[in-house]
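As structure tokens, the structure follows; a few thoughts come after it.
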Amino acid sequence: MGERSSNQMWGGRFSAGPDAIMEAINASISYDQRLSDQDITGSMAHAAMLAAQGIISGEDLAAITDGLTRVKAEIDGGEFAFSAALEDIHMNVEARLRELIGAAAGRLHTARSRNDQVATDFRLWVRDQCDAAVEGLEALQKALLSQAEAGADWVMPGFTHLQTAQPVTWGHHMMAYVEMFGRDKSRFADARARMNESPLGAAALAGTSFPIDRHATAAALGFDRPMANSLDAVSDRDFALEFLAASSICAMHLSRLSEELVIWSSAQFRFVTLSDRFSTGSSIMPQKKNPDAAELIRAKIGRIVGANVALLTVMKGLPLAYSKDMQEDKEQVFDAADTLMLALAAMTGMATDMTGNKDALEAAASSGFSTATDLADWLVRELNLPFRDAHHVTGALVAMAEGRGVDLPDLSLEDMQSVHDGIRGDIFDVLGVHKSVASRTSYGGTAPDQVRTQIARWKETLA
């Protein structure tokens, strides 16, 4: 009975028993092989430092460097045989290095632990992803800038609560996202600057008695400095969490823009036409063109925010220093980075290819009494009414226009004077949507001249 229960517990793929389960749960090579470049680069820097400090010989350094170069070539060429029995990328590389150069390979790990090695590899990889995110965001910003420049003076409705609020310009709306993605870019840059310290040389947790030069390895790997506390160096994953936090905020912005594209491309709005390259047809409804790329980007924030929450959960209860729990950091970050870069590329493609429908935008801009605020502002500015009184007068005029099925500019002067006898004919100078947007000349406002000023500023910044 006990034997049968035991076999049932292990299940089919683990029929070999506890050894197979332990190998499966312990090994990380199936995913951390993505760190091979960083692992080999870090090992070369470590070996060079050991030789410079007289800890290993020049002959050993030459053999190690040559061997690591050959290992990298095998991995890059798809010829390397990764082994789960060797657990991780570090042991896989070291085992192959020993096969190639013999005993000298064993000297590479002097004054180093897998704890500081993986912290270094992972930090280098995440640093590269911050750079990639910045590059991807700049490409998206340039696509949005082109859209903004083409429609700097097109009018469209501005919304609050998804209800028509005031007229704005297409260019102004596009530039709102340029600003958002600019902040995202700065978050990745800030995160990169903070993570740019080297854990290498912290060893297992307490440092080493060998006379190593941590500043040399830090400089060789492009870090600003070595980390100042060995316990912190091997147990920190703040850098990965900060990357995930920045990615989550960026994905949220991508999702908001996706949501607008889904709405705007619908038959009810017709604000934009998405290209066929980023849309799909329906299997049974020939008239349909579905904004699938936008919908998928909108959904992918779940994976990125999920990764952020997962890693926070892994790290929240760990005592110093290293625990095997931290092996669960990489898959989450790898997936989030891949997802973010794909979403950025897809959104850049959509933003480049989409066509704003000027006529539909302008028609919608005039709906919903969008110039009511302009009317109220005129009453305050020209008749010196308190704003609350102007708000009341405007509300009465909106109700009159709504009852007649017309817009505010369609009311006669006599109609308006029946609500307030001080209203003059020049009120019509502010009621058209083009006049409305042209009047919003405050810094950062929607007036075309202001929009073009911001476009010029961003083009200079991105140049």
remark   = The lone condition Glu99 fails out of (1) open to solvent by less than 30 Å² (accessible area, probe 1.4 Å); (2) part of a helix (DSSP H, G or I); (3) of a type outside the set (Lys, Arg) is (1)
query = Out of all the residues in the range 72-95, which are buried (at least 22 other Cβ atoms within 10 Å of the Cβ) and either touching a strand residue (DSSP E or B) at 6+ places or on another chain (Cβ under 9 Å) or over 17 Å from Ser30 (Cα atoms) (or both)?
reply = none
note = Counting only residues that are surrounded by fewer than 22 Cβ atoms within 10 Å (Cβ to Cβ), over 13 Å from the mean Cα position of the chain (by Cα) and of a type in the set (A, V, I, L, M, F, W, C), the range 242-264 contains a total of 2
ask   = How many residues does the range 322-340 hold that are out of contact with any Ser or Thr (no Cβ under 7 Å at 6 or more places or on another chain) and open to solvent by 40 Å² or more (accessible area, probe 1.4 Å)?
value = 7
key: Of all residues making up the range 397-411, the number that are open to solvent by 40 Å² or more (accessible area, probe 1.4 Å), outside any loop (DSSP other than H, G, I, E, B) and of a type in the set (A, V, I, L, M, F, W, C)   = 2
inquiry  = Out of Ala267, Ala343, Ala299, Ala351, I need the residue that is modelled with pLDDT of 95 or more, open to solvent by 30 Å² or more (accessible area, probe 1.4 Å) and of a type outside the set (S, T, N, Q). Which one?
reply    = Ala299
inquiry  = Out of everything in the range 308-340 that is more than 17 Å from Asp232 (Cα to Cα) and of a type in the set (S, T, N, Q), what residue ends up being modelled with the lowest pLDDT?
reply    = Gln332
Subset tally (residues that are in a helix (DSSP H, G or I) and either modelled with pLDDT under 95 or buried (at least 21 other Cβ atoms within 10 Å of the Cβ) (or both)) for the range 46-56 = 4
task = Determine if the range 280-291 includes at least one residue that is open to solvent by 40 Å² or more (accessible area, probe 1.4 Å), over 30 Å from Arg194 (Cα atoms), without any contact (Cβ under 8 Å) to a residue 12 or more places away in the chain and assigned to a strand (DSSP E or B).
result = yes
inquiry  = Of all residues being among the acidic types (Asp, Glu) and not in a helix (DSSP H, G or I) in the range 221-240, which is least open to solvent (accessible area, probe 1.4 Å)? Just the residue, please.
reply    = Asp236
query = If we keep just the residues of the range 102-119 that are crowded, with 20+ Cβ neighbours inside 10 Å and not polar (S, T, N, Q), which is nearest to Phe239 (Cα to Cα)?
reply = Ala119
message = Regarding the range 418-426, can at least one residue be identified that is open to solvent by 60 Å² or more (accessible area, probe 1.4 Å), part of a helix (DSSP H, G or I), of a type in the set (S, T, N, Q) and closer than 15 Å to Ala372 by Cα?
response = no
inquiry  = Given the options Ala202, Ala191, Ala218, name the one that is in a helix (DSSP H, G or I), open to solvent by less than 10 Å² (accessible area, probe 1.4 Å) and either under 16 Å from Arg112 (Cβ atoms) or hydroxyl-bearing (Ser, Thr, Tyr) (or both).
reply    = Ala218
inquiry  = If I filter the range 168-181 for residues that are under 30 Å from Asp377 (Cβ atoms), in a strand (DSSP E or B) and touching a Ser or Thr at 6+ places or on another chain (Cβ under 6 Å), do I get at least one hit?
reply    = yes
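Let's see how each residue does on (1) farther than 24 Å from Arg123 by Cα; (2) over 31 Å from the mean Cα position of the chain (by Cα); (3) of a type in the set (D, E, K, R):
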| position | (1), (2), (3) |
| --- | --- |
| Asn26 | no, no, no |
| Gly42 | no, no, no |
| His46 | no, yes, no |
| Glu59 | yes, yes, yes |
| Ala62 | yes, yes, no |
| Asp66 | yes, yes, yes |
| Thr69 | no, yes, no |
task = Hey, can you tell me all the residues within the range 432-453 that are modelled with pLDDT of 95 or more, open to solvent by less than 20 Å² (accessible area, probe 1.4 Å) and polar (S, T, N, Q)?
result = Thr446
request  = Report, by residue number, each residue of the range 146-165 that is open to solvent by less than 10 Å² (accessible area, probe 1.4 Å) and assigned to a helix (DSSP H, G or I).
outcome  = Ala148
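The values are calculated or read from the model by the stated rules, or taken from the named source; none is laboratory data. As the structure is a computational prediction, the values presented were derived from the model and not from experiment. Neighbour counts are summed over all protein chains in view; Cβ atoms, including those assigned to glycine, are modelled from backbone coordinates with ideal geometry. Quick note on the areas: whole protein, heavy atoms, side chains included, nothing else; ligands and nucleic acids left out. Shrake-Rupley method; radii C 1.70, N 1.55, O 1.52, S 1.80 Å.
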